[in-house]
Each structure stands twice: as C-alpha cells, then as structure tokens.
Amino acid sequence: MTTEWLASAWLAGPWRHWLTDHGSLTRRLRRLAPAFRVRRLVQGTAMPHRDEYAALGLAPGRNAVIREVLLLNADTPLVFAHSVIPFSGLVGPWAALTGLGNRPLGEALFSNPRVGRHALEYKRVDRRHPLYRGAVRHLAEAPRALWARRSRFTLEDHPILVTEVFLPTTLLLR
C-alpha cells in the first residue's frame, strides 16, 4: 500500500473509470442514481490530514474548514467526500461554500467557469488512513481497502482540496 498519492490510476482495475473521469461526479451520480442526494456529516474547523497540507500550501498544524458528506442513492452510500478549505479562501472567493448544507459542492465548483481544477491524484486507502476510517463508518461491512481520488480547485488563487472515497456500491451503478 503506497503512502503517496499517485498521478495515475492504472492499478485501480474496475475503479479506473470512476477515478479518472474529469467531469462533475455529482452530475454523473445524478444521471446514474435515481434517488441521488447529499448528506452533510461534518462541517467545521479542524486540522487537515497530514497528507493534505502540502497539497494546499498550508503550514503544518494550521486549521482549516473541513466538510465531509456522503453522496447517496436513497439511503445507499456511494461516495464519502472530504473537502478542506483554508481560512484565507473563506474571507474571499470561497465564502459562499460555508452555506452549502446538504447541497453538493460539485455543483458550485463546476457551475463557475472561473474555478480551475488541477490534476487528479489517486490512492488506495486502508485502515491506517483517516479517509478510510471516515468512509467505512457508513458501511455495514468494511472492505480491506478503498480507492480515493483528490483534486485541488482554485478560484482567484485560493485553493480547496476535494477528496472522494469510492464505496463498493458505486460499482453497481451503470
């Protein structure tokens, strides 16, 4: 199990098409999941995970706003999403994101043509990673590992980091 985020998802097997799609995951899930909805789990001030500081250019130990949601089809969890918004962006271009509630972040990101998306990164996470532990809390049975992708978005040079952890039921969508 690699400790670094990867620039390629060639090892991801059946997950590759989910991981490498550069379009809006929200839009794709709305098309494939007839009862798509978002459930906000957490939103507040906290410390990002250790591997998120460098991706955002944040000094280690700095707090940020953390938002975690489940993307569901009715009551079936499909994706666990974890977003990190540095405080500097909240007093600027990302201020409206704190009021999203149960609305998808993807809609806000992909509807604004001024938002830039940077390269996708991939990682297979297991029980040693906090993203895995956050995701499996919502599953009846925990798999050995889960695939995740993350991408940095920028607006007026202010970044946010969005990570999506794909749950086993996502593979059932066609």
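No lab work stands behind these numbers, since they all come straight from the coordinates. Remember, predicted model here, so these are calculated numbers, not experimental data. Quick reminder, even Gly has a Cβ in these numbers, built from the backbone with ideal geometry, and neighbours come from all protein chains shown.
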Report D for the chain in µm² per second (integer): Stokes-Einstein, Kirkwood Rh on Cα pairs, 20 °C, 1.002 mPa s. 131 µm²/s
Tell me the mean residue ellipticity at 222 nm calculated for the chain from its helices only (DSSP H runs of n ≥ 4, each -39500 (n - 2.57), averaged over every residue, nearest 500). -4000 deg cm²/dmol
What stretch of the chain, leaving out the sites themselves, is the longest with no GluC sites (Glu not before Pro) in a DSSP loop having at most 15 other Cβ atoms within 10 Å? 5-140
What is the gain in length, in nm to one decimal, between residue 157 and residue 39 on full extension, counting 0.36 nm per residue of separation less the C-alpha to C-alpha distance? 39.6 nm
